[in-house]
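The values are calculated or read from the model by the stated rules, or taken from the named source; none is laboratory data. Note that the coordinates shown come from a computational prediction; the quantities given were computed from them, not determined experimentally. Neighbour counts run over all protein chains shown; Cβ positions are idealised from the backbone, glycine included. The area values use the complete protein model at the heavy-atom level, side chains included, leaving out ligands, DNA and RNA. Shrake-Rupley method; radii C 1.70, N 1.55, O 1.52, S 1.80 Å.
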Amino acid sequence: MPKSDLVSLEKLEPLFNPRSVAIAGASGRIIEPYVYDVTTAPMVYLLTYGYKGQIFPINPKYEEIRGYKCYPSISAIPEEVDVAIVLLPANTVIDFLKECGKKGVKGVVVTSSGFAETGDEGKLNQDNIREVAEKYNMVVLGPNCNGFINVSKGIPVTFTPVVDQPKLVPGEIAFISGSGATLSGIAQRAKEWGMQFSYLVGTGNSAQLDEADCIRYAIEDPATKVVMTMIEGFKNGSKFLDVADLALKKKKPIVALKVGLSEAGVKMAASHTGKLAGSAKVNLAAFKQKGVLMVEEINDFILSAQIFTQTSLPEGDGIGVLSSSGGSAGLAVDLIEKEGLRVGELSPESHKELSDTIRWFATAKNPFDFAGQFLRDETFVPKVCDIFLNDPDISVLVMVMTALQAHEPVILKQMIEAQQRHKKPVVILYECGELTPEMDKMVKDSNIPFITSPKECFKVVGNLIRYSQFLKRAKEVAPVVDIPAGARDKALDVISKAGGHVMERESKEIIAHYGIPVTGQKLATSLEEAQAAVKYIGYPVVLKIDSPDILHKSEFGGVALNINNDKELKDAYGAMLKKVKSVAPKAKIRGVLVQEMARGDGVEVIVGVTRDPQFGPTLMFGLGGVFVELLQDVSFRICPITLTDAKEMIRETKGFKLLEGFRGSLRADIAALEEAMVKFSRLAMDLESQVKETEINPLLVLPEGKGVKALDARVVLG
Ligand code: ADP
Ligand code: MG
C-alpha cells in the first residue's frame, strides 16, 4: 500500500515544497497599485507570501523583474530549479518541458490551455507532455491548470486570485480539484466563511499527476486533516480507491464533489448486469464502499469538510435536537429522516431528569422545545444541554436557533460552553438573519459548527455521522471466505477446453470450482442419453437447450421445467428440439442439458459482475425477475468485496424484505448468499483478464440453513 500507479512522494516533495521556483513567461509590467494579471500574479504572490526560496523569472524581454534577475531561458539559470511554472502558449510547452528536463528541473506546473480539452490533436500533445515528463523523471501538474498553493508553508505557485488579500491562513483542509476555476470560486467562498487550507491544488487535465496523486501527498502530510476534492472524471478509478483506503486508514475524511458522471459504461456492456450498471450508481457505491463522502452541492461541500476541523467524531448515530420553536424542531426531524439519519432516544434517566428540570409547558422529549423557559432562568439551557449530551444515545446535538433577540448571544455562548464541556459534537443551526458582529466573533473564535440552512445542516451532520461509521466499519475485520484450492486453475482449464463457447454448462462448472453450489447437470445428445442422465440426477428434472448461439434460452423455447417422469421427458425433449429448430434454424445445437430441478421455497436473485470503465470488475446484486428490470432495485460494489460489503449490498435493496421473510414466507439463507457473493467477486478478480462479464441469474436463495443454488449462469469471455 499504496500500490497502483501513484507517483512517489519523493518525486512530489520538490514540486509541492520547492526550494526554488522559475516563472516562464513572467511579465515585467509593473503597475502600481498592482492590477491583477495572469502573467504578473505568480511572482507577485510569491513575494506577498514571503517565499523563502529562490525566484527566477524567465522572459527574454527583461533584464530584471521586481528587483529579481530575469533569465532569457530556463537553461540560462545558473542554479538548481525545483519547480517551473509555465505561463506560455500551448505550442511552446513541449520544447520548454524538454529544456526543463535537460536542466534537471524536478516539477513543472503547466497552466497553458489548448490540450486534451480541444480535441484529438490537443490530446496527442498532452500525451507528449507525459512522455517528456517520464523521460526526464519530472512531475507535471496540468496542463490547463491554475497551479497550487502550499498554504502550510506559504508557497503559492499559481495565478489564482484566491491567494490575494486577505492572505490565506494555514489550516487543516487540502482542496484538490480538477477544475481550476471551480477551485478558485469555492476556495474563495470557503475563505470568506473562515475556512483554512493546508493545500489548494488544481490538477487541470492531469497529463501525469491526477487528483489521486495530489490527495495522497496531502494526506501524508500531518498538516492535512481533511481533503476536499472535486472530480470531473476518473482516468484511473482504482488509483483513487487506493488513496481512499489510505485516507481511511489515516482517519482523514475525503469529501468529494463528483461531476460528469458518465453513462459510457452502460453502452459498452452486453449483459443484463451491464445495462443496469450506470457509472453514476457504481461511482456512488464505490465511494460508499471506500468511505468517501459524496456531496452534490457547493455549500454542503465546504461545510462537510469544515465540520471535521471543528468537532470530534460522534460515537453513535443518535441526534439530539433542541429548539426555541416547535415548528423548527419538527422541520429538523423531517430532514433527519429524509437524510436517513436517526433521532436519538433519551434514556429513562435522562427523561426523568429533563422532566424535573422543566417547569412549564414544554414536554420532556427529543426533539426538545424550550418554549421560552430560558427567558427567566439562565441556568436552564446549560442544564438541558448537559442532560442531552450525557445521554448515551445522543451522539450529536443540534441547537436550532430562531429569533430570540437579546437572548441570542447568551444562548450561543451557552452552546459553545456546552460543546467545550462535553466531547460530543454540538452544531448551531441558525434560522435567523445576519449575525451581530459580537455573535459573529463568538462563532469564529470558538469554531463551533454554524450552519444557516436546515437542509445543509443535516447533510453535514449526516456526513459527520457517516464518516464515523465508515471508520468503525474499517476497524471491523470482515471474516475471510475461503475459496476451494486450485479454483482459478480449474476455471481456466474449463475456459480453455470450451473453445470459446462458455455457455451455462461451462459457466456452472466454473462457479462450482469457486465453491458456489450449482444444480446437478449432464449433457445429453439423444433421448437415451437424457434418460440415462435422469437415472443419475433423479426426477424432477429441467431440460435446457445447449447451444453456443442461444443466450437467452427461455426466449427460444429452450427451457422445460418440472419434468417428472419418462413420458414427460420424452415429450419435452422432442418438443424442445422442434421448437428451437423452428425459431432458430441456424443455431448450432450441442445437445440438451439435463438438470436437477430446484424446488421448494426460495427467492431468486441475480448476482453479476461487469467491468466498469473507471473501477474495473464491479459486482451487482438484485432480486431476480421483474424486480431487476422494472424497479432497478440493485446495488453495486467494486470487486473484490468483503462479507461486510455483501451484507450492505443486500440490505440496500428493497428486496431485502423479501429475503427476510415477507408475509409468512420463510427467511432465506442470507448468510449463504453473502458468502456466495464474496466468492463470485473473487472469481471475477481471478479471471479479470479472461472474462468480460459474468452473471448468475437466477441464484436461488433457499430457506435459512439450506444454502443457495445457481440455476443459471453465464460467463462472457472478453
Ligand atoms: P434463460 O437462459 O432464459 O435465462 P434460465 O436457465 O435462467 O434460462 O431458466 C429460466 C428460469 O427457469 C429461471 O429464471 C428459473 O426461474 C427457472 N429455472 C431454471 N433452471 C432451473 C432449475 N434447475 N430448477 C428450477 N428452476 C429453474
Ligand atoms: Mg437465466
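About its Cα centre, the dipole of the chain is roughly 1340 debye, where the only charges are +1 on Lys and Arg Cβ and -1 on Asp and Glu Cβ. Based on protein heavy atoms only, the stretch 487-596 ends up with 49 Å² per residue of surface accessible to a 1.4 Å probe. What do you get for the angle between helix 643-652 and the principal long axis of the chain? Use alpha-carbon atoms, 0 to 90 degrees, nearest ten. In the chain, helix 643-652 runs at an angle near 90 degrees to the longest axis.
Multiplying the residue separation of T436 and Q632 by 0.36 nm and subtracting their alpha-carbon distance yields 65.5 nm. Extending 7 Å from the Cα toward the beta-carbon at both K250 and R599 defines two label points whose distance is 6.0 nm. What does the charge count near P703 come to, summing +1 for each Lys or Arg and -1 for each Asp or Glu among other residues with Cβ under 13 Å from its Cβ? Charge balance near P703 sits at 0. In plain terms, if you count all Cα to Cα distances in the stretch 9-307 and split them into 5 Å steps from zero, the share in each step is 1, 5, 12, 16, 18, 16, 13, 9, 5, 3, 1, 1, 0, 0 percent. Taking a cut-off of 18 Å between Cα atoms, list the lysines near K250, but don't count ones fewer than 8 places away on the same chain. Excluding near neighbours in sequence, the set is K3, K225, K239, K288, K290, K472, K475. With R₀ fixed at 41 Å, the C-beta to C-beta distance from E220 to I30 puts the FRET efficiency at about 0.60.
Shape index of the stretch 487-596: Rg/Rh, with Rg the Cα radius of gyration and Rh the Kirkwood radius from the inverse mean 1/r over Cα pairs, equals 0.98.
What the pair-distance distribution of the stretch 50-129 shows, using all Cα-Cα distances binned every 5 Å from zero, is 3, 14, 23, 23, 17, 10, 7, 3, 0 percent. Using Cα-only point scatterers and the Debye equation, what is log10 of I(q)/I(0) for the stretch 415-556 at each q in 0.08, 0.17 Å⁻¹, rounded to two decimals? Values, matching the q order: -0.57, -1.07.
When the helices of the chain are scored as -39500 (n - 2.57) per DSSP H run of n ≥ 4 and the total is divided over every residue, the value at 222 nm lands at -12000 deg cm²/dmol. Note on the chain: with neighbouring protein chains present and a 1.4 Å probe, carbon and sulfur make up 53 percent of its accessible heavy-atom surface. Considering only the Cα atoms of the stretch 130-223, their convex hull presents on average a projected area of 5.7 nm².
Using the Cβ-Cβ distance between E297 and V480 with R0 set to 35 Å, the FRET efficiency works out to roughly 0.35.
In this model, which of K235/K647; K459/K706; K123/K251 are farther than 32 Å apart at the alpha-carbon? Let's see the in-between values first.
Numbers: K235/K647 29 Å; K459/K706 42 Å; K123/K251 37 Å.
Cα-Cα > 32 Å for K459/K706; K123/K251; rest within.
With loop membership from DSSP and a limit of 10 other Cβ atoms within 10 Å, the longest segment of the chain without chymotrypsin sites (Phe, Trp or Tyr not before Pro) is 1-359.
Temperature 4 °C, viscosity 1.567 mPa s: under these conditions the Stokes-Einstein estimate for the stretch 18-86, based on its Kirkwood radius over C-alpha pairs, is 108 µm² per second. Rg and Dmax over the alpha-carbon atoms of the chain stand at 31.5, 102 Å.
Based on protein heavy atoms only, the stretch 312-475 ends up with 46 Å² per residue of surface accessible to a 1.4 Å probe.
Would you work out the relative contact order for the stretch 9-307, in percent, from Cα pairs under 8 angstrom that are 6 or more residues apart?
Averaging sequence separation for qualifying contacts and normalising by length gives 13 percent for the stretch 9-307.
Taking every alpha-carbon pair in the stretch 312-475 and binning the separations at 5 Å intervals from zero gives 1, 9, 20, 23, 23, 15, 7, 2, 1, 0 percent.
Quick check for you: with a 1.4 Å probe and neighbouring chains kept, what is the accessible area per residue of the stretch 9-307, in Å²?
Values: 11310 Å² over 299 residues.
Result: 38 Å² of accessible area for each residue.
The three principal axes of the Cα atoms in the stretch 413-495 give end-to-end lengths of 75, 27, 16 Å, sorted in falling order.
What are the semi-axes of the equivalent ellipsoid of the stretch 582-644, taken as the square roots of 5 times the eigenvalues of the Cα gyration tensor, listed largest first and rounded to whole Å? Mind showing how you got there, number by number?
Values: eigenvalues 169, 75, 40 Å².
Its equivalent ellipsoid spans semi-axes of 29, 19, 14 Å.
The stretch 603-717: percent of C-alpha pairs farther apart than 23 Å? In whole percent, the share of Cα-Cα pairs in the stretch 603-717 beyond 23 Å is 21. Take the Cβ atoms of N565 and D5, set R0 to 60 Å, and the FRET efficiency comes out at 0.45. Here the stretch 68-188 is treated as a sphere whose radius is the Kirkwood value from Cα pairs; by Stokes-Einstein at 10 °C and 1.306 mPa s it diffuses with a coefficient of 103 µm²/s.
Expressed as an acute angle from 0 to 90° and rounded to the nearest 10, what is the orientation of the C-alpha long axis of helix 437-446 relative to the principal long axis of the chain? Approximately 60 degrees, to the nearest 10. For the chain, the longest principal axis of the Cα atoms and the long axis of helix 487-498 meet at an angle of about 60 degrees.
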